[in-house]
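**Q** If you scroll down you'll find the structure; I have some questions about it.
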Amino acid sequence: MRRFCSILYAATVALVVSAAEPQSLSTLPRATAAHFCQLLVCDNMGTVQSLNSYIHRQPSDASDSLSAAQSFCTYIFNYGGWQSLRIFPHAKTNGTITWHAADERLPDDIDSEHQKYIHDVFPRLIAEIEAENWSQVDAYIDRMLKYQTTFASVLIPSPNTYHPSPIILFLPFVLFLALPLISVMRVKRVKDTR
């Protein structure tokens, strides 16, 4: 995860320093940038987390007027970072989920409608950002979030999902308290039998 953030940071610095002219898009409003950063991304290690979890681990300049999400979105949209974000899940026939980027060659088992969506959503989103049509940008982000929750539902726990971890953590504590009680009961039983 740190490796992904380091690579992303290094790529940002390299692109800023390079002589190539970036695409000059408007800075996303704070709320829209935060909305975009709710999207899930799969890193090189296969870990799936929200973009927020990655960008909030990076050091930020407290004097900067942009939020971390706005700075990240500026990189994503002005320097082509969206092309390599693996944010599109696809369930294979064996049940495993693979994540794809918008600019990669997609496997043949992804139907043409999904391939078209994956390849077209970011250019359309960028067109809405250029037009500063923020309500439409939010609508595109909502559709991307819905796409993720629909096609990666195996990985995304629902709020009502049963999590056994509190029980697993509580069980050793109960055993720790119960062992002295059991030994006291054994001693009492031994005394009663005498």
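The values are calculated or read from the model by the stated rules, or taken from the named source; none is laboratory data. Since the model is a prediction, treat every value here as computed from it, not as a measurement. Please note: Cβ atoms are built from the backbone with ideal geometry, for glycine as well, and neighbour counts cover all protein chains shown. Just the protein is used for accessible areas: all its heavy atoms, side chains included, with ligands, DNA and RNA removed. Shrake-Rupley method; radii C 1.70, N 1.55, O 1.52, S 1.80 Å.
**Q** Is segment 130-137 home to any residue that is more than 17 Å from Ala31 (Cβ to Cβ) and either of a type outside the set (Phe, Trp, Tyr) or in a helix (DSSP H, G or I) (or both)? Walk me through how you get there before you give the answer.
**A** Our first condition is that a residue be more than 17 Å from Ala31 (Cβ to Cβ); within segment 130-137, this holds for 130-131.
Those left that are additionally either of a type outside the set (Phe, Trp, Tyr) or in a helix (DSSP H, G or I) (or both): 130-131.
The answer is yes; a qualifying residue exists.
**Q** Which of the residues that make up segment 8-59 are modelled with pLDDT of 50 or more and open to solvent by 70 Å² or more (accessible area, probe 1.4 Å)?
**A** Tyr9, Gln23, Ser24, Arg30, Ala31, Gln38, Asn44, Met45, His56, Arg57, Pro59
**Q** Say we look at segment 70-96 and pick out the residues that are modelled with pLDDT of 90 or more and part of a strand (DSSP E or B); which of these is most open to solvent (accessible area, probe 1.4 Å)?
**A** Only one residue fits best here, namely Arg86.
**Q** So, in segment 100-110, how many residues would count as being of a type in the set (Asp, Glu) and exposed (fewer than 13 other Cβ atoms within 10 Å of the Cβ)? Walk me through it before giving the result.
**A** Here is the first cut: in segment 100-110, the residues of a type in the set (Asp, Glu) are 103-104, 108-109.
Within this subset, residues satisfying the condition of being exposed (fewer than 13 other Cβ atoms within 10 Å of the Cβ) are 108-109.
So the answer is 2.
**Q** List pairs: first residue in segment 104-116 and under 14 Å from Tyr147 (Cβ atoms), second residue open to solvent by 80 Å² or more (accessible area, probe 1.4 Å) and not in a loop (DSSP other than H, G, I, E, B) anywhere in the structure, Cβ distance under 8 angstrom, at least six positions apart or on different chains.
**A** none
**Q** Determine which member of the set Glu128, Glu113 is surrounded by 13 or more Cβ atoms within 10 Å (Cβ to Cβ), more than 18 Å from Cys42 (Cβ to Cβ) and among the acidic types (Asp, Glu). So that I can check it myself, show each step before the final result.
**A** Working: Glu113 fails: surrounded by 13 or more Cβ atoms within 10 Å (Cβ to Cβ).
Only one candidate qualifies: Glu128.
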